[in-house]
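Everything on this sheet refers to the single structure shown next.
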Amino acid sequence: MSDRYVTLMASLPPHVPSLFANRQTPISRLKLDDRLQMLEPQDAIDLALIEELLHWDRMSMEMTDAQMIERGKQTCDRLDNEFIKDIVRWRLEIRTVVAALRRRHLGRPVPSAGSKWGYGAWMKMIETHWHEPSFGVERIYPWLPEADRLLEESDSLALERLLLNQVWDYYGRVVGDHYFDFEAVVVYVLRWDVIDRWSRYNGEAAARRFDRMVESALGYYVSMFA
Amino acid sequence: MNEFVVALGWAGMYGVMALGAIGSIIGCAIAGQAAIGAMLETEGGYGRYIGISVMPSSQVIYGIVVMFTLQRPVTAETGPAMFGIGIFAGLALLYSAILQGKTCASAINAAKAKPEIFGLSLAPAAIVEGFAVFAFVFALVIAGGMPG
């Protein structure tokens, strides 16, 4: 426990244990950023790096896979804290597995050996077992068959829910006995990002549903007065 | 040799209070930081956060009492006993104060999120206090049997 972050952690409202019980983030981003000013300068830089790499909203859609992977490696190299490096590696590996699922779903061929299409220890295994439902990594990622099925059914909301829940549970497991240190702050912020993502997803889905309802209602009246 | 033993005796007599004070300083600082953080987040109940954060201050009081109990002429006969009682009681007080500060910080953090567990969240801090009281009481008992 580092005493430095006792005030910061105590000033943050707790996350509800279940991700899907959160209808909105427990604290606004503005307020969170205000509290994060208590971070040491180097820790603030590290946290910004991690969020830039892992937060969906901060990812540039124009980056190629190779650029993304290179950026992931650079971020890991710049971080000193092994606990945080492990989190970043785990997230990049999850993205690699999901990217492989999506590639296969789109009917693309096995990535050629040596090509920069993913990150982590399981790339070789995935390439070798490309045509197996779970790429031979089912023991490490037991949720893969379900993710594959949801992708096949094009149920993107359920897939998103499954993946976010894996990330949420992982953060809950790794935070362990970190209560008042930088590691706890990083996990808090990353969990905040997951809630933010899910609540926005909910909002976007609700907005689309609302649009469809408006269209269908208007359609009824349009046909009525036609 | 006698001078060294006498020096140890003085170290034991003052050390128990100094170690208790160091522990209380660190423990209260840790719990106090948590109290400040909780006050940023909550709208009321500030007094009880501050109340919890001063729990580790009891160790310095125990240290002062043991120091006065040990106070007697420091000689080659009394020095070793004063050193043994003072330093080990002081170490117990030091550690108990620091760890009590941490349990108080956790209690503040938990009570902020769930006010209904406020009383129960103090149980670990109270248990740590109990061990400090053991160290304190038995230091007094042993000091009562010292020569001089």
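The values are calculated or read from the model by the stated rules, or taken from the named source; none is laboratory data. Just so you know, these numbers come straight off a predicted model, no measurement behind them. Cβ sites come from the backbone with ideal geometry, for glycine too, and all protein chains shown count toward neighbours.
Could you list all residues from the range A:137-156 that are in a loop (DSSP other than H, G, I, E, B) and surrounded by 12 or more Cβ atoms within 10 Å (Cβ to Cβ)?
Listed by number, the residues that qualify are A:Val137, A:Glu138, A:Ile140, A:Tyr141, A:Trp143, A:Asp155.
Test of understanding: among A:Tyr141, A:Tyr188, A:Tyr119, which residue is within 30 Å of A:Arg4 (Cα to Cα) and hydroxyl-bearing (Ser, Thr, Tyr)?
A:Tyr188
Looking at this structure, is A:Gly114 farther than 20 Å from A:Val16 by Cβ, touching a helix residue (DSSP H, G or I) at 6+ places or on another chain (Cβ under 8 Å), assigned to a loop (DSSP other than H, G, I, E, B) and not hydroxyl-bearing (Ser, Thr, Tyr)?
The answer is no for A:Gly114.
Does A:Leu19 satisfy the criteria of being buried (at least 20 other Cβ atoms within 10 Å of the Cβ), within 18 Å of the chain's Cα centre (by Cα), in contact (Cβ under 8 Å) with a residue 60 or more places away in the chain and away from every other protein chain (no Cβ under 14 Å)?
Yes: the conditions hold for A:Leu19.
Show the residue pairs meeting these rules: Cβ distance below 9 Å; 6+ apart or different chains; first residue within the range B:4-33 and touching a residue at least 60 places away in the same chain (Cβ under 8 Å); second residue basic (Lys, Arg) and crowded, with 18+ Cβ neighbours inside 10 Å.
B:Gly27/B:Lys102; B:Ile30/B:Lys102; B:Ala31/B:Lys102
Conditions tested, residue by residue: (1) on the phi < 0 side of the Ramachandran plot; (2) touching a Phe, Trp or Tyr at 6+ places or on another chain (Cβ under 8 Å); (3) not aromatic (Phe, Trp, Tyr).
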residue: A:Pro41; (1), (2), (3): yes, no, yes
residue: A:Cys76; (1), (2), (3): yes, no, yes
residue: A:Glu93; (1), (2), (3): yes, yes, yes
residue: A:Ala99; (1), (2), (3): yes, yes, yes
residue: A:Gly114; (1), (2), (3): no, no, yes
residue: A:Glu127; (1), (2), (3): yes, no, yes
residue: A:Glu138; (1), (2), (3): yes, no, yes
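I'd like the residue in the range A:162-197 that is closer than 18 Å to A:Pro26 by Cβ and among the hydroxyl-bearing types (Ser, Thr, Tyr) and, out of all such residues, is farthest from the chain's Cα centre (by Cα).
The selected residue is A:Tyr179.
Looking at (1) modelled with pLDDT under 90; (2) assigned to a helix (DSSP H, G or I); (3) surrounded by 15 or more Cβ atoms within 10 Å (Cβ to Cβ), which is the only condition A:Val194 fails?
Single failed check for A:Val194: (1).
Tally time: how many residues in the range B:100-148 are among the polar types (S, T, N, Q), within 30 Å of B:Phe68 (Cβ to Cβ) and within 13 Å of another protein chain (Cβ to nearest Cβ)?
So the answer is 1.
Could you please tell me which pairs satisfy a Cβ distance under 8 Å, a separation of 6+ or placement on different chains, a first residue in the range A:49-73 that is within 23 Å of A:Tyr201 (Cα to Cα), and a second residue that is among the small types (Gly, Ala, Ser) and at pLDDT 80 or above?
Filtered contacts from the range A:49-73: A:Leu53/A:Gly72.
Within the range B:95-124, count every residue that is aliphatic (A, V, I, L, M) and surrounded by fewer than 24 Cβ atoms within 10 Å (Cβ to Cβ).
The qualifying residues number 9.
For the range A:22-32, which positions are charged (D, E, K, R) and more than 14 Å from chain B (Cβ to nearest Cβ)?
A:Arg23, A:Arg29
Can you tell me which of (1) surrounded by 13 or more Cβ atoms within 10 Å (Cβ to Cβ); (2) of a type in the set (D, E, K, R); (3) modelled with pLDDT of 85 or more is the one A:Asp33 doesn't meet?
Of (1) surrounded by 13 or more Cβ atoms within 10 Å (Cβ to Cβ); (2) of a type in the set (D, E, K, R); (3) modelled with pLDDT of 85 or more, only one is false for A:Asp33: (1).
Can you name the helices (runs of 4 or more DSSP H) wholly within the range A:3-106 that have at least 3 residues being closer than 29 Å to A:Glu132 by Cβ?
A:65-78, A:82-105
Any residue in the range A:165-179 that's farther than 17 Å from A:Asp196 by Cα: show its pairings with residues that are at pLDDT 90 or above and in a helix (DSSP H, G or I) at Cβ separation under 6 Å, as long as the two are six or more apart or on different chains.
Matching pairs, first to second residue: A:Val175/A:Val187; A:His178/A:Ala184.
Taking the options B:Ala29, B:Ala38, name whichever one is surrounded by 24 or more Cβ atoms within 10 Å (Cβ to Cβ) and within 12 Å of chain A (Cβ to nearest Cβ).
Just a single option satisfies the conditions, and that option is B:Ala38.
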